[in-house]
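This report refers to the structure that appears directly beneath it.
The values are calculated or read from the model by the stated rules, or taken from the named source; none is laboratory data. Since this is a predicted model, take the numbers as computed values, not measurements. No Cβ is skipped: glycine too gets one built from the backbone with ideal geometry, and neighbour counts run over all protein chains shown. Protein only, heavy atoms only, side chains kept; ligands, DNA and RNA dropped before computing areas. Shrake-Rupley method; radii C 1.70, N 1.55, O 1.52, S 1.80 Å.
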Amino acid sequence: MDVDAATLPLFYPINKSHSFTPSDHKRDMVVFLITTMIFLPVATCAGTVSSSSGNETDHLALLAIKSAIKDPLGALTSWNHSLHHCYWKGVMCRNRLRRVVALNLSSSGLGGTISPYIGNLSILRSIDLSNNALGGPIPTEIGLLSRVSLIYLYKNLLIGEIPSSISNCLHLQYLSLGENSLVGGIPLEFSSLSMLKGLYIPVNNLSGPIFSTIFNLTSLEDLSASSNAFMGSVPDNIGQMKNLVRLGLGENLFTGMLPFSIYNLSSIHMLSLGFNQLHGTLPTYMASALPHLEILELAANHFTGSLPISLSNISSLTEIDLSDNKFTGRVPWNLGNLKHLQILQIGNNSLGTGGANDLNFLKFLVNCTNLEVLGLALNNFGGVLPNGIANFTATLNRLELFDNLISGRIPVGIGRLANLRRLSMQNNKLSGTIPSDIGKLQKLEFIAFAGNMFTGIIPRSLGNITKLSTLSLEGNYFQGDIPSSLGNCQNLNYLALNQNNLRGAIPKDLFEGSPHLVKLWLDDNRLEGPLPLEVGQQKNLVLLGVRNNKLSGEIPSAIGGCSSLLYLDMEGNMFHRHIPASLGGLKSIQELDLSHNNFSGPIPTYLSKFPLTYLNLSYNHFEGEVPVGGVFVNTSALFLVGNPELCGGILALHLPRCTREDVTKAKISFKLRLIISCACVLVGVTIDRINLKDAFAELLKVQNDLIQFQEPYIFGRTIYRVTSNAFAGIIPDTIGRMENLARLALGVNLFAGMVPASSYNLSSITLLSLSYNQFHGSLPTYTSTLPYLQDILLASNHCTGSLPVSLSNISSLTAIRLSRNKFTGNVPWNLGHLKQLQVLDINANSLGSGDANDLSFLSSLVNCTTLKVLDLSDNYFRRVWPNAIVNLSTKLMTFDLGNDLISGTIPAGMSRLSNPVLLRLKEPTIRNSSQ
């Protein structure tokens with residue numbers, strides 16, 4: 001029943017399938033014109049303008065009408081003195097008197113206004129100026145057309161009120177003013193239009209009550225007033241309109257209960273009252289009261305009670321839309337008796353009990369061989385999907401079951417629903433694997449299985465669905481790799497695979513074969529390898545999320561080709577080296593998260609020129625001066641913690657002032673890497689994934705000659721830094737001989753094995769940076785042998801065991817970063833002894849035991865008065881908050897307890913922590929899917 005958008009939609013309920021086709025409301029116009037042509041045939045030859053006064057009046061009126069109209073398409077070209085006006089386009093006349101009886105200029109691209117001289121066409125029977133761009137008010141002179149029976153002005157730009165003078169048109173049968181910008185209400189005087197059969201005024205700005213006098217028009221067959229702002233109750237005398245066939249009052253502000261008299265409308269075929277504020281229940285006698293009903297549309301109201309079993313007796317029903325109400329109970333099992341049913345929408349109610357038999361009615365719906373739409377979402381349906389669902393009619397194109405309590409598997413044979421275009425089952429308790437025959441559904445455009453318990457691999461057959469535009473599989477337990485066959489889905493623009501257990505590399509085919517991607521979520525998996533260079537081919541990509549994986553390498557320079565990118569989230573991977581200059585091509589970027597990686601070098605100044613509203617560069621190895629301008633002056637949108645080598649920036653960032661050494665540090669770091677490279681050449685090895693078991697020992701022999709680097713504030717101490725390379729192998733035990741070593745930075749490499757015990761003999765060490773490698777083993781209990789240690793960085797390794805209590809004896813500690821390991825047990829209660837501690841980051845471990853003392857260590861941390869970062873997220877901390885947290889350091893800027901299992905109430909007094917720019921108590925979803 002869908003109609004072309006260019007035709008006149010007379011009713012505007014929930015969806016436009018309820019609209020009438022042009023034949024419905026123009027049928028009488030055609031009959032009228034044929035009658036006119038039979039009894040008053042149109043002239044067949046040209047002639048000069050008649051001297052008849054009526055003829056001349058019509059001629060001048062038409063010229064005046066033309067003068068008020070803008071005609072960019074030349075529709076009125078024929079309106080000139082070379083032809084009699086009866087031969088002008090859109091004009092119809094009587095033959096003998098040559099008087100204008102019809103004016104039809106619909107869909108002619110006309111602008112301007114409607115001239116008041118239209119009232120001089122005194123014997124006009126019909127006006128059709130619909131589907132143009134005419135503006136201004138409807139002239140009151142239209143009320144002078146005493147013989148007019150049809151007025152069609154819909155789909156224009158008309159303003160002002162509906163003229164009450166139209167009530168003088170006593171022969172008026174059809175008045176269509178929809179899709180304009182009319183205001184006010186329906187004139188009371190319209191009650192005199194006793195011959196009116198159709199009143200069409202949808203999609204305007206009309207308001208106020210619909211007066212009961214309108215419902216005294218017993219000749220009315222069609223009343224469409226949807227998509228306005230009418231209010232009040234539906235008048236009780238509506239039941240007097242015995243000839244009413246279609247009633248459309250949807251999308252207004254009607255309140256109260258439906259009058260019982262509405263069930264006296266025994267001729268009604270369409271009852272559309274959706275999107276109001278009506279309440280009450282549906283009577284059990286609906287079938288006997290409304291035997292001819294075809295469309296029942298009461299969506300988005302406040303109706304309650306159960307669905308009447310008698311609905312199944314209205315055999316003419318083709319559409320039932322009762323969604324977005326408060327209906328309860330079971331769905332009548334006998335709805336399968338409705339052989340003509342095309343649409344059943346009962347979503348967003350409280351139907352179902354969560355029981356095993358809730359979906360039994362589906363077995364009978366297979367008898368509805370014309371069913372196209374089945375919407376059961378957002379209810380309380382439990383139980384499993386009956387196998388018979390695969391036997392639904394081939395006409396089914398939309399199946400919506402999301403947000404229920406449905407369990408079990410997707411029935412085998414679902415691939416038989418050949419016309420299915422939309423399949424939504426997200427947020428249920430479905431399990432098992434997705435049947436491979438889903439790939440037979442060639443017309444599918446939308447698949448949403450998110451938030452279930454599906455397992456196994458993502459079917460390769462999904463790549464056969466070339467029309468697929470949305471694939472939402474997030475929040476399940478899918479394993480294996482991302483099928484490269486998805487690259488065959490050339491229309492794919494929304495792909496959400498986040499929060500699964502996917503492994504392997506991101507296939508380049510995904511970017512090469514799906515050129516229309518708009519949003520891509522791959523977060524929270526176990527994906528490895530680099531981000532493919534082919535990502536730069538995605539010119540339409542708006543959002544790219546790959547956070548919390550094991551991706552590595554550099555940001556591909558090709559990413560600058562993603563010119564539409566607004567949101568880029570790469571948090572929590574192993575990306576390294578500098579931010580490429582090509583990232584400067586992302587001129588429209590609004591949110592950028594590169595935190596918890598191994599990026600190094602200076603922060604590019606071009607970031608200050610982007611329209612960024614969120615920039616997170618925390619926990620990397622950035623160094624040098626922080627840019628000034630743009631997002632860098634907005635401390636609520638900027639996150640830089642965990643980059644101890646940064647300096648400068650605005651005062652509110654509380655960073656140290658930059659010295660000459662800070663500004664040139666990037667150059668120095670490069671020279672240091674060059675010296676190391678030379679050393680490696682001297683001992684006959686390369687830098688590309690070498691085994692350093694012996695080579696490292698050789699480097700240690702020459703370190704005093706080749707790789708000493710003195711900083712002004714570390715006199716006589718050696719710094720050993722080879723971060724962000726591809727060194728592999730184990731660290732030899734001989735490292736303990738470097739008695740003067742002050743800073744050891746081996747992060748972002750491929751070192752494996754255990755951290756040698758001798759490394760804890762480095763009594764001069766101030767920095768131990770081993771993050772983002774593959775170390776395993778536990779921390780020794782004698783870490784107090786490192787009396788000068790300030791920073792211990794072991795994030796993103798495979799370390800196990802408990803955190804040693806002896807950590808609290810290293811009084812010089814300012815930063816403990818042990819995130820993303822496998823530490824277990826309780827956090828030492830005495831960490832509060834570390835008076836200089838500024839950063840405690842132990843997120844993404846397995847800390848906590850589920851007992852009442854899990855968070856007791858927080859009480860001791862109130863003694864750490866310089867604490868700025870406290871990240872405890874993604875662990876197993878349970879129980880309630882200790883009240884002492886309100887006394888934590890007032891310098892605290894990051895407090896993260898996201899994705900833990902903490903209960904209870906937030907203690908009063910949290911407002912004392914006035915400095916946090918990141919306070920996270922649950923896992924954020926702002927960059928995740930599902931819409």
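Which FRET efficiency value, to the nearest 0.05, is calculated for MET195 and PHE260 with the Förster distance at 22 angstrom and r the Cβ-Cβ distance?
It comes to 0.15.
With every protein chain left in place, what is the accessible area of SER306 in Å² (1.4 Å probe, nearest 10)?
Rounded to the nearest 10, that gives 70 Å².
What whole-number volume per residue, in cubic angstrom, does the convex hull of the C-alpha atoms of the range 402-559 give?
Convex hull of Cα atoms, per residue: 88 Å³.
Please give the residues of the range 514-543, grouped as numeric ranges, whose backbone N is less than 16 Å from a label point set 7 Å along the Cα-to-Cβ vector of GLN490.
Within reach of a label on GLN490: 514-517.
Between HIS302 and ASN367, what FRET efficiency follows from the Cβ-Cβ distance if R0 is 22 Å, with the result rounded to 0.05?
Step by step, r from the Cβ atoms, then E = 0.10.
Assign one of three labels to the range 264-387, namely rounded, prolate or oblate, based on the Cα gyration tensor with a ≥ b ≥ c the square roots of its eigenvalues; rounded applies when a/c is under 1.5, prolate when it is not and a/b is larger than b/c, and oblate otherwise.
Judged from the Cα gyration tensor, the range 264-387 comes out oblate (a/c at least 1.5, b/c at or above a/b).
Please report the base-10 log of the normalised intensity I(q)/I(0) for the range 352-394, using a Debye sum with one equal scatterer per alpha carbon and no solvent, at each q in 0.16, 0.17 (1/Å).
-0.42, -0.47
Roughly speaking, to the nearest percent, how much of the range 813-879's 1.4 Å accessible area is carbon and sulfur?
In the range 813-879, the share of accessible area belonging to carbon and sulfur is 47 percent.
Quick check: with the 1.4 Å probe, what order do ARG96, ARG547, ARG421, ARG503 take by accessible area, largest first?
Of ARG96, ARG547, ARG421, ARG503, the descending order of accessible area is ARG96, ARG503, ARG421, ARG547.
Please give the charge dipole size of the range 251-399, origin at the Cα centre, charges +1 on K and R Cβ atoms and -1 on D and E Cβ atoms. Round to the nearest 20 debye.
340
Extending each Cα 7 Å along its Cβ direction at LYS467 and ILE730, get the distance between those two points in nm, one decimal.
6.0
Sticking to Cα atoms, compute the Rg of the range 205-274 to one decimal and its Dmax as the biggest Cα-Cα distance, whole number, in Å.
11.0, 31
Using only the Cα atoms of the range 543-609, what semi-axes does the equivalent ellipsoid have when each is the square root of 5 times a gyration tensor eigenvalue? Give whole Å, largest first.
Equivalent ellipsoid of the range 543-609: 17, 14, 11 Å, largest first.
Once the range 442-535 is represented by equal point scatterers at the alpha-carbon sites, with solvent omitted, what log10 I(q)/I(0) does the Debye formula produce at q = 0.17, 0.21, 0.26 Å⁻¹?
The Debye formula, applied to the Cα set alone, gives -0.65, -1.04, -1.59.
Using only the Cα atoms of the range 311-453, build the gyration tensor, take square roots of its eigenvalues as a ≥ b ≥ c, and label the shape rounded, prolate or oblate: rounded if a/c is under 1.5, else prolate if a/b is larger than b/c, else oblate.
oblate
What span do the alpha-carbon atoms of the range 141-241 cover on each of the three principal axes, reported in whole Å from largest to smallest?
Result, largest extent first: 33, 27, 18 Å.
For the range 622-656 and the range 235-302, compute the distance between their C-alpha centroids and round to whole Å.
Each part's Cα centre sits 63 Å from the other's.
Assign one of three labels to the range 455-500, namely rounded, prolate or oblate, based on the Cα gyration tensor with a ≥ b ≥ c the square roots of its eigenvalues; rounded applies when a/c is under 1.5, prolate when it is not and a/b is larger than b/c, and oblate otherwise.
oblate
Can you tell me how much longer the chain between SER407 and ASN391 gets when fully stretched, taken as 0.36 nm per residue apart minus their C-alpha distance, in nm with one decimal?
Computed gain between SER407 and ASN391 is 3.8 nm.
Under the 0.36 nm per residue contour assumption, what length would be gained going from the current alpha-carbon distance of TYR606 and ASP71 to full extension?
187.5 nm
Three principal axis extents, largest first, for the C-alpha atoms of the range 60-164, in Å?
That works out to 37, 32, 19 Å along the principal axes.
For the range 505-641, what is Rg from Cα atoms divided by 2.2 N^0.38 Å, rounded to two decimals?
0.98
Give, to the nearest whole percent, the P(r) tail of the range 152-306 beyond 25 angstrom, counting all Cα pairs.
Cα-Cα pairs of the range 152-306 separated by over 25 Å account for 25 percent.
State log₁₀ I(q)/I(0) for the range 764-842 at q = 0.27 Å⁻¹ as given by the Debye formula over alpha-carbon point scatterers of equal weight, solvent excluded.
Relative scattering, expressed as log10 I(q)/I(0), comes to -1.55.
With charges set only on the Cβ (+1 for Lys and Arg, -1 for Asp and Glu), what does the dipole of the range 181-259 come to about its Cα centre, in debye to the nearest 20?
Dipole magnitude for the range 181-259 comes out near 100 debye.
When the solvent-accessible surface of protein heavy atoms is calculated with a 1.4 angstrom probe, in what order do THR734, THR369 fall, highest first?
THR369, THR734
Run the accessible area of the range 310-352 with a 1.4 Å probe and give the carbon-and-sulfur part as a rounded percent.
Of the solvent-accessible surface of the range 310-352, carbon and sulfur hold 46 percent.
Give me the 1.4 Å probe accessible area per residue for the range 419-482, excluding ligands and nucleic acids, in Å².
Dividing the accessible area of the range 419-482 by its residue count gives 35 Å².
Using only the Cα atoms of the range 751-801, what are the Rg and Dmax in Å?
That works out to 10.5, 26 Å for Rg and Dmax.
Can you list the HN-Hα couplings for the range 143-154, worked out from phi with the Karplus curve (6.51, -1.76, 1.60; θ = phi - 60°), rounded to whole Hz and with x for Gly and Pro?
x, 7, 7, 5, 9, 5, 10, 9, 10, 10, 10, 5
Could you report the range 575-651's accessible area per residue, 1.4 Å probe, as an integer in Å²?
Result: 33 Å² of accessible area for each residue.
To the nearest 10 square angstrom, what accessible area does LEU60 show with a 1.4 Å probe?
Using a 1.4 Å probe on the heavy atoms, I get roughly 100 Å².
Per residue, how much accessible area does the range 241-284 have with a 1.4 Å probe, in Å²?
36
Which entries of LYS587/LYS891; LYS66/LYS155; LYS429/LYS868; LYS467/LYS609; LYS822/LYS868; LYS550/LYS868 have Cα-Cα distances beyond 30 Å here?
Long pairs (Cα-Cα over 30 Å): LYS587/LYS891; LYS429/LYS868; LYS467/LYS609.
Give me the mean projected area, in nm² to one decimal, of the convex hull enclosing the Cα positions of the range 399-444.
2.9
Would you list GLU512, GLU221 from the most to the least accessible area, probe 1.4 Å?
Per-residue accessible area, sorted high to low, gives GLU512, GLU221.
I'd like the FRET efficiency for GLN774 and LYS429, computed as 1/(1 + (r/R0)^6) with the beta carbon distance as r and R0 of 35 Å, rounded to 0.05.
Once rounded, the FRET efficiency stands at 0.40.
Using the C-alpha atoms of the range 478-586, what convex hull volume per residue, in cubic angstrom, is computed?
Output value, Cα hull per residue: 76 Å³.
Over the range 138-242, what percent of the accessible surface lies on carbon and sulfur atoms, probe 1.4 Å?
The value for the range 138-242 is 56 percent carbon and sulfur by accessible area.
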